[in-house]
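The values are calculated or read from the model by the stated rules, or taken from the named source; none is laboratory data. Everything numeric in this text was worked out from a predicted model, so none of it was measured. Neighbour counts run over all protein chains shown; Cβ positions are idealised from the backbone, glycine included.
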Amino acid sequence: MLAGPIFSREALTVPRQLKTYLLRAGYLFAFFVLLYTASQATFGWQQYRSLGATARFGAYVFQIFAFVQLTLVIFAGLLFSAGNVAAEKDRRTILLLLMTDLKDRELVIGKLLASLLNVFTLVLCSLPVFIFIRILGGVSLSQVLWALAITAASTYMAGSWGIFVAFWREKTFQTLAVGLLGFVAFLAVVEGLTFLVGPETTLGTWIGALDPYRALLTVVSPFSTTSMSRISDLSMWQTFGELLGLGVLLNVLTIVNLRRWNPSRTLYVAAKKDDSGEPTRKARQVWERPIVWREIMTKAYGRRIFLIKLAYVLFSVLIGYSLLSAETSALVLGMISWQGLGFVLLALLSLMLVNAQAVTSITSERDGQTLEVLLVTEISAREFIYGKLLGVFYNAKEAILLPLIYIAVMSSQGMIAPVQSFYLGFGYLMLCAFASMLGMHSAISFDNSRTAIANSMGTVFFLFIGIFICMILIVEARSSFALQLPSFLIFIVGGSIGLWASLTHKNPSPALTLAAGVLPFGTFYAITAFLLGESFSVFLCVCAAYGFTALAMLIPAISEFDLALGRATIEKS
């Protein structure tokens, strides 16, 4: 009753779609592939396994599954909820919803629950997988239930934040950027305040409970993080209640401000005129390349985009100061230094912002019904694509430059060699080119803007998640890595199939098929070369694999632009 007809329609129509069941089956299949790969990396082809070894393996896999699922569903909940409302605003259908007799709470709660319906279903579908891990030993039923409860509460809070930002901001890129930066900044502020106040104090306990990762770490390793003597004493009601309470607070604020934020006050602002009827502001001179002019010289992505850039700069300074000044020589998870972790965090966030800028540069045109106008002008496909790419790099220049500055600071302090700085910087720029081209390719390939955004940003996110999981499993395999190589191949082939389905959704080509097959294998080779300390091999492999994939997406976008958009190609005389 709180959600109203919006959620009712979603609940009735979603079960009729085949992709819903494919998504659930694929989600569970990915878990079992990861389980098999982890078992082979741990035990290999040994037939005899003691009860103690099986229990330790169960606890180890439970930790991986819990943290991976928490990260995935938080990202999915934030992206789906924000993208759902942003698409309504781009198509101007939000105005029709506001004109109906829907109550404000029905519009906000309905959109939120409709966006999170598939995400909550996936969390529920994962319950049998965690129960199977419970059978292996090393994990109690209360740990499983608390892990799923924290995951669900975190997803609800992340979705509430996405809905709050989407109704607040006008442009899709602003919504996605503020959503991602805001959630990451929230976790950083919570951890910073917990460290300053003290995690053992009462105030520090209340603040630290807002971090779902800290709470989940307590669930998966209760005896190493708390003073409990029995697993039955495990209770995470404080974290669960605070996350739900924060989500409800965001919902209340969204409902209260819904009519004040929407419709936007700048939606129908006409140009001011003087007494003679002439506009008070002279018309601006458009460049010979109107696409580049529109991307650089206009406020196509919002009037306060500088606030997003300022927030990213402040976050980068915080990360740089806290991690570059760390004097510890310990490696994070035995793989990377704390200074290197800072660069990875900045690079991942930068790539997500670049990808969001790229995909929304075309989806906003389509939803605003200006793409059709551009297609009937004399603007060529080459001019359109290159103009959009230049606009992406210009608008995201701060996100691209700050990780490079971070590399320069590391090199000046002697943390990495100059040649490694070159490898790292150039490889990072190649990934930026890949992320931008992937965003444009997804926007062209998918007619639905929400699907295009989810596919584009999800591909970048899953690549990094897959790399992280693969590195953990390789470190776990240690000296028996060669014996467990076939198990890793299953994991890599699964990634290739998923990437192939994403890249060749609408316009398959031999180059894209080859790229989908080569990219995961090249990434796996780069991971192993990195763990062996071979910098040049990593640099060469990243440039070759990701550079070829970017070209495989770029060339069809230019040469078969009309075909890529589903239109007939008309030769100009």
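Within region 434-471, the residues that satisfy the criterion of being among the hydroxyl-bearing types (Ser, Thr, Tyr) and without any contact (Cβ under 8 Å) to a residue 60 or more places away in the chain are Thr451, Thr459.
Can you pull out the residues in region 100-152 that are within 24 Å of Thr13 (Cα to Cα), hydroxyl-bearing (Ser, Thr, Tyr) and in a loop (DSSP other than H, G, I, E, B)? Residues satisfying the conditions are Thr100, Ser126.
From the list Ser276, Ser264, Ser224, Ser232, pick out the single residue that is at pLDDT below 80 and within 22 Å of Gln69 (Cβ to Cβ). Full working, then the answer.
Working: Ser276 fails: within 22 Å of Gln69 (Cβ to Cβ); Ser264 fails: within 22 Å of Gln69 (Cβ to Cβ); Ser232 fails: within 22 Å of Gln69 (Cβ to Cβ).
Answer to the selection: Ser224.
Do we find a residue being of a type in the set (A, V, I, L, M), out of contact with any Phe, Trp or Tyr (no Cβ under 9 Å at 6 or more places or on another chain) and either at negative phi or surrounded by fewer than 21 Cβ atoms within 10 Å (Cβ to Cβ) (or both) anywhere in region 393-400? The answer is yes, given that some residue of region 393-400 is of a type in the set (A, V, I, L, M), out of contact with any Phe, Trp or Tyr (no Cβ under 9 Å at 6 or more places or on another chain) and either at negative phi or surrounded by fewer than 21 Cβ atoms within 10 Å (Cβ to Cβ) (or both). Mind telling me which of the residues Phe464, Phe434, Phe446, Phe468 ends up being closer than 18 Å to Lys19 by Cβ and aromatic (Phe, Trp, Tyr)? Of Phe464, Phe434, Phe446, Phe468, the one residue that is closer than 18 Å to Lys19 by Cβ and aromatic (Phe, Trp, Tyr) is Phe446. The residues listed here are Glu170, Glu200; of these, the one that is outside the structural domain of Gly439 (by TED's automatic domain parsing), over 20 Å from the mean Cα position of the chain (by Cα) and within 25 Å of Leu349 (Cα to Cα) is Glu170.
Total residues in region 360-385 satisfying the condition of being in contact (Cβ under 8 Å) with a residue 12 or more places away in the chain and not aliphatic (A, V, I, L, M): the figure is 10.
Can you tell me how many residues in region 531-545 are outside any loop (DSSP other than H, G, I, E, B) and surrounded by fewer than 20 Cβ atoms within 10 Å (Cβ to Cβ)? Walk me through it before giving the result.
In the first step, residues of region 531-545 are kept if they are outside any loop (DSSP other than H, G, I, E, B); the result is 531, 535-545.
Checking the rest, the ones that are also surrounded by fewer than 20 Cβ atoms within 10 Å (Cβ to Cβ) come to 531, 535-537, 540, 543-544.
Number of matching residues: 7.
If you check Val165 against the conditions, is it over 18 Å from Glu10 (Cβ atoms), of a type in the set (A, V, I, L, M, F, W, C) and outside any helix (DSSP H, G or I)? The answer is no for Val165. Residue count for region 193-217 satisfying the condition of being of a type in the set (Ser, Thr, Tyr), without any contact (Cβ under 8 Å) to a residue 24 or more places away in the chain and either outside any helix (DSSP H, G or I) or surrounded by fewer than 16 Cβ atoms within 10 Å (Cβ to Cβ) (or both): 2.
With respect to Met410, is the statement that it is modelled with pLDDT of 85 or more and among the hydrophobic types (A, V, I, L, M, F, W, C) true?
Details: modelled with pLDDT of 85 or more: yes; among the hydrophobic types (A, V, I, L, M, F, W, C): yes.
The answer is yes for Met410.
Taking every residue in region 389-401 that is small (Gly, Ala, Ser) and pairing it with any residue that is surrounded by fewer than 16 Cβ atoms within 10 Å (Cβ to Cβ), at least 6 positions away or on another chain, the pairs with Cβ-Cβ distances below 9 Å are Gly391/Ile296.
Which of the following residues is of a type in the set (Phe, Trp, Tyr), crowded, with 20+ Cβ neighbours inside 10 Å and at pLDDT 90 or above: Phe422, Phe434, Phe426?
Values: Phe422 fails: crowded, with 20+ Cβ neighbours inside 10 Å; Phe426 fails: crowded, with 20+ Cβ neighbours inside 10 Å.
Residue meeting the stated conditions: Phe434.
With Val344, Val292, Val359, Val317 as the choices, which residue is under 21 Å from Leu404 (Cβ atoms), surrounded by 12 or more Cβ atoms within 10 Å (Cβ to Cβ), modelled with pLDDT of 80 or more and among the hydrophobic types (A, V, I, L, M, F, W, C)? Give the steps one after another, and end with the answer.
Details: Val292 fails: under 21 Å from Leu404 (Cβ atoms); Val359 fails: under 21 Å from Leu404 (Cβ atoms); Val317 fails: surrounded by 12 or more Cβ atoms within 10 Å (Cβ to Cβ).
When all the criteria are applied, what remains is Val344.
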